[in-house]
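What follows is calculated from the coordinates using simple rules that are stated; it is not laboratory data. No experiment lies behind these values; they were computed from the predicted model shown. Glycine also receives a Cβ, built like all others from the backbone with ideal geometry; neighbour counts cover every protein chain displayed.
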Ligand code: CA
């Protein structure tokens with residue numbers, strides 16, 4: 001019996017990934033760190049710290065210092081805030097409406113460290129989110145692809161892995177959800193090949209949130 005749906009945020013609820021990828025790629029390029037724009041879709045879900053270490057390992061075969069991490073993360077965040085238009089993902093509110101119609105809890109599990117997330121979510125999707133049911137970068141030690149954020153999401157909902165569904169768009173997010181033992185629905189809203197999301201362990205794959213909302217009633221019948 002499904003009781004809760006755990007939503008990733010960037011690339012699922014918000015159409016923000018192109019701006020994250022652009023901000024990361026420009027920050028990396030400004031500091032001669034080796035990367036491609038697509039890398040940031042593959043890294044998606046990791047903490048900022050872990051992404052910066054990966055770039056330093058690649059380029060200098062060492063982790064970044066705390067000072068370097070702080071400096072680069074700020075540069076990336078400033079660029080992201082300049083580019084981001086804040087638009088919700090098309091179809092996201094349709095999925096949320098379906099989830100509520102079926103009487104399921106809604107939880108957000110994000111690697112984002114944005115402040116006042118709950119205010120933004122409540123503004124863009126009124127009536128769906130509660131402050132106590134959001135897992136952010138501030139709550140976790142490891143971050144995705146570690147199962148920790150999704151395990152914490154289950155705890156906040158008070159449900160077992162078999163009583164939840166995850167909606168994710170990124171390979172590492174899918175890995176995290178699958179490692180937490182949760183049935184994982186991939187929504188491929190970015191440029192990566194479907195194959196990469198399936199290989200990460202996705203149980204189902206949709207091309208966008210609208211298709212997922214169209215199939216939701218059927219899916220619930222099959223799952224319950
Ligand atoms: Ca995401």
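Considering each residue of region 7-16 in turn, none proves to be out of contact with any helix residue (DSSP H, G or I) (no Cβ under 8 Å at 6 or more places or on another chain) and free of Cβ contacts under 8 Å to residues at least 24 places away in the same chain.
Going through region 1-16 one residue at a time, which ones are within 7 Å of the ligand (Cβ to nearest atom) and either closer than 10 Å to residue 92 by Cβ or in contact with a strand residue (DSSP E or B) (Cβ under 9 Å, 6 or more places away or on another chain) (or both)?
The answer is 8, 9, 11, 12.
I'd like to know if region 150-161 contains one or more residues that are within 23 Å of residue 80 (Cα to Cα) and more than 14 Å from the ligand (Cβ to nearest atom). So far as region 150-161 goes, no, none of its residues is within 23 Å of residue 80 (Cα to Cα) and more than 14 Å from the ligand (Cβ to nearest atom). Candidates are the residues of region 24-68 that are under 22 Å from residue 135 (Cα atoms) and more than 16 Å from the ligand (Cβ to nearest atom); the one that is surrounded by the fewest Cβ atoms within 10 Å (Cβ to Cβ) is 49.
Listed by position, the helices (runs of 4 or more DSSP H) inside region 115-224 whose residues that are free of Cβ contacts under 8 Å to residues at least 60 places away in the same chain, touching a helix residue (DSSP H, G or I) at 6+ places or on another chain (Cβ under 6 Å) and at positive phi number at least 1 form an empty set. Under the condition of being out of contact with any helix residue (DSSP H, G or I) (no Cβ under 7 Å at 6 or more places or on another chain) and closer than 22 Å to residue 171 by Cβ, the residues counted in region 25-50 number 5.
Under 21 Å from residue 142 (Cβ atoms), within 11 Å of the ligand (Cβ to nearest atom) and crowded, with 16+ Cβ neighbours inside 10 Å: does that describe residue 190?
In short, no.
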